[in-house]
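For reference, the structure is listed below as structure tokens.
The values are calculated or read from the model by the stated rules, or taken from the named source; none is laboratory data. Bear in mind that the values here come from a model prediction, so they are computed numbers and not experimental data. Quick reminder, even Gly has a Cβ in these numbers, built from the backbone with ideal geometry, and neighbours come from all protein chains shown. The accessibility values were calculated without ligands, DNA or RNA, using every heavy atom of the protein model including side chains. Shrake-Rupley method; radii C 1.70, N 1.55, O 1.52, S 1.80 Å.
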Amino acid sequence: MELIDGKKIAAAIKVEIAAEVKRMMDKGARPPHLAAILVGEDPASETYVRNKSRSCKEVGFDSSTYKFPADVPEKEILDTVGFINEDPDIDGLIVQLPLPAHIDNQKVIEAIRPEKDVDGFHPVNVGRTTIGLSSYVSATPYGILELLMRSGIETSGKNCVILGRSNIVGKPMSILMMRNEEPGNSTVTVCHSKTRNLAEITSAADILIVAIGRPGFVTADMVREGAVVIDVGIHRVEAPETKSGFRLVGDVQFEEVSAKASHITPVPGGVGPMTIVSLLMNTLKACKKEIYG
Ligand code: NAP
């Protein structure tokens, strides 16, 4: 079994991005600039946005955070998106989701200019991905493609089973794995809560991508000998034996499944570290106008 080390791969990509930023700036360009809108005081969202700013700094990007109280009117958020859309010195914009209930998430996402939608959530980017045009691919699926590619995993002609059909992971992942491009060209099956004979289907997978949101759901009997297993799930579970009293686990029973898999991502340290790096890669593309010219 080979471990797919997301932490190591993410660090290598950051070095590559930083080198590219330096090359651009040596030629007189300004650094890429990522803006984030953060509403309310959810600690997880605050941490996530803070980590994004820190990662931007590490690779030489500028970053800015537009912070609002939880009761901010929707119009103020839409106006801010409009103002950032027009700012030629900002390349990419992300809105930390979910927004408070009185703000329409979808309306805000659709207000972002597709050219600056580095989270890849705007329907134009989703649609472009679906029909095979250049697009911003959302962070988690993009990170998984990089993990597969950089681990030398062949995807062409392989049976790929995706557990989960969410808009942010399962669905885009299925489109990307079936596209006529590498990584891609897989024969894809998508499973969800209404799927029958789940274990039978997952057992036929050469590549199994699990994004189900249930700790330790995938057991060894659901996995084929030699399969590549990508675990997207992340859960904090109680662990009295640890100092902190908890530990992070994925959707896959790592110990038993790793004994059968040819490659597997750990949790933590697999898919997770790739998310912010994917956002950085998209922001670099936005700055270089690689997607929309
Ligand atoms: P989600 O929106 O809750 O979607 C879960 C999917 O799993 C749904 O399609 C659901 O089917 C399916 N499902 C649930 N129970 C099932 C069952 N018993 N059998 C078959 N299918 C079942 O989750 P998500 O946003 O995609 O996230 C999935 C996991 O990945 C979560 O643990 C999340 O925290 C994690 N995550 C990690 C990262 C990262 O950076 N590492 C990023 C995003 C998400 P239905 O559609 O029928 O309901």
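Details
- Among the helices (runs of 4 or more DSSP H) confined to segment 1-102, the ones with at least 1 residues that are hydroxyl-bearing (S, T, Y) are located at 43-59, 74-86.
- Yes/no for I175 being β-branched (V, I, T) and open to solvent by 70 Å² or more (accessible area, probe 1.4 Å): no
- Candidates are the residues of segment 174-199 that are within 9 Å of the ligand (Cβ to nearest atom) and touching a residue at least 24 places away in the same chain (Cβ under 8 Å); the one that is farthest from Y136 (Cα to Cα) is L198.
- Annotation note: of V49, V15, the sole residue that is of a type in the set (A, V, I, L, M, F, W, C) and either buried (at least 17 other Cβ atoms within 10 Å of the Cβ) or over 22 Å from E146 (Cβ atoms) (or both) is V49.
- Test: residue in segment 232-242 that is open to solvent by 20 Å² or more (accessible area, probe 1.4 Å), among the charged types (D, E, K, R) and part of a strand (DSSP E or B): yes
- Of the criteria (1) within 16 Å of the ligand (Cβ to nearest atom); (2) open to solvent by 40 Å² or more (accessible area, probe 1.4 Å); (3) closer than 27 Å to S138 by Cα, which one F246 fails: (3)
- Test: residue in segment 205-218 that is in a loop (DSSP other than H, G, I, E, B), in contact with a Ser or Thr (Cβ under 7 Å, 6 or more places away or on another chain) and more than 8 Å from the ligand (Cβ to nearest atom): no
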